[in-house]
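Working notes, structure below.
What follows draws every value from the coordinates through simple rules; no lab data is involved. What you see is a predicted model, and the numbers here were worked out from it, not measured in a lab. Counting neighbours? That spans all protein chains shown, and the Cβs are built from the backbone with ideal geometry, glycine included.
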């Protein structure tokens, strides 16, 4: 599970969004290499954002290691198998099936078929440097807990680009981009796995909305 290799030529930016919304939640990431913050785009990617927030608040991400880092490309994270930094299954896992609340609409969303959520091809935020984007297997509705942080402009990964990659953006780094770049430059194995494991200690979410309280289930 992931995104295409960085050797693919980047497509031109088309209608890419970059504006900030002060009402969006903020994720505070604490890693073994330092901390960084990100705005989570609940306003325009509510399914992906709510899925991430639900997993973060449950402690799902705590103790997971970055399993794939590539300089001048991206850092990938979020596979539960990567709690063991030497696991050969790192990069193949996701969250358990279940439900979570859409924090924008109040609708109950589902994770199914291995913890996957629906593709959210709505907002045209581009995979520019500093953006957070959903990882997937390259097939429809295959995103779950894994995501990557772009450390370069990778517009070829946009869901609205002409290429095969379809990776919707759901956030952007607002503080600590230097830490993200440092993670990407770690010494790695031939499988792009950091030689010295880099662990996510915790992810704290702030600035959450009050939100609606409806319980309609989205199918």
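Annotations
- Distance distribution P(r), segment 119-160, all Cα-Cα pairs, bin width 10 angstrom from 0: 30, 60, 10 percent.
- The calculated Kirkwood hydrodynamic radius for segment 35-103 is 13.4 Å, given to one decimal from all distinct C-alpha pairs.
- Length-normalised contact order of segment 66-219 in % [C-alpha pairs under 8 Å, at least 6 apart]: 29
- Rh by Kirkwood over Cα pairs, then Stokes-Einstein D for segment 46-145 at 1.567 mPa s and 4 °C, µm²/s: 91
- For 172, 193, order by how many other beta-carbon atoms lie within 10 Å, fewest first: 193, 172
- If you wrap segment 87-219 in the convex hull of its Cα atoms and look at it from every side, the mean projected area works out to 9.7 nm².
- Each of the peptides 84-95, 116-127 was scored by the mean count of other Cβ atoms within 10 Å over its residues; in descending order, highest first, they stand as 116-127, 84-95.
- Here the Gaussian network model covers the chain, with springs between Cα atoms less than 10 Å apart; of 57, 146, 155, 57 fluctuates the most.
- Hull-based mean projected area of segment 164-205, where the convex hull spans the alpha carbons, in square nanometres: 4.7
- For 69, 199, order by how many other beta-carbon atoms lie within 10 Å, fewest first: 199, 69
- GNM flexibility winner over the chain from 196, 108, 99 (Cα, springs under 10 Å): 196
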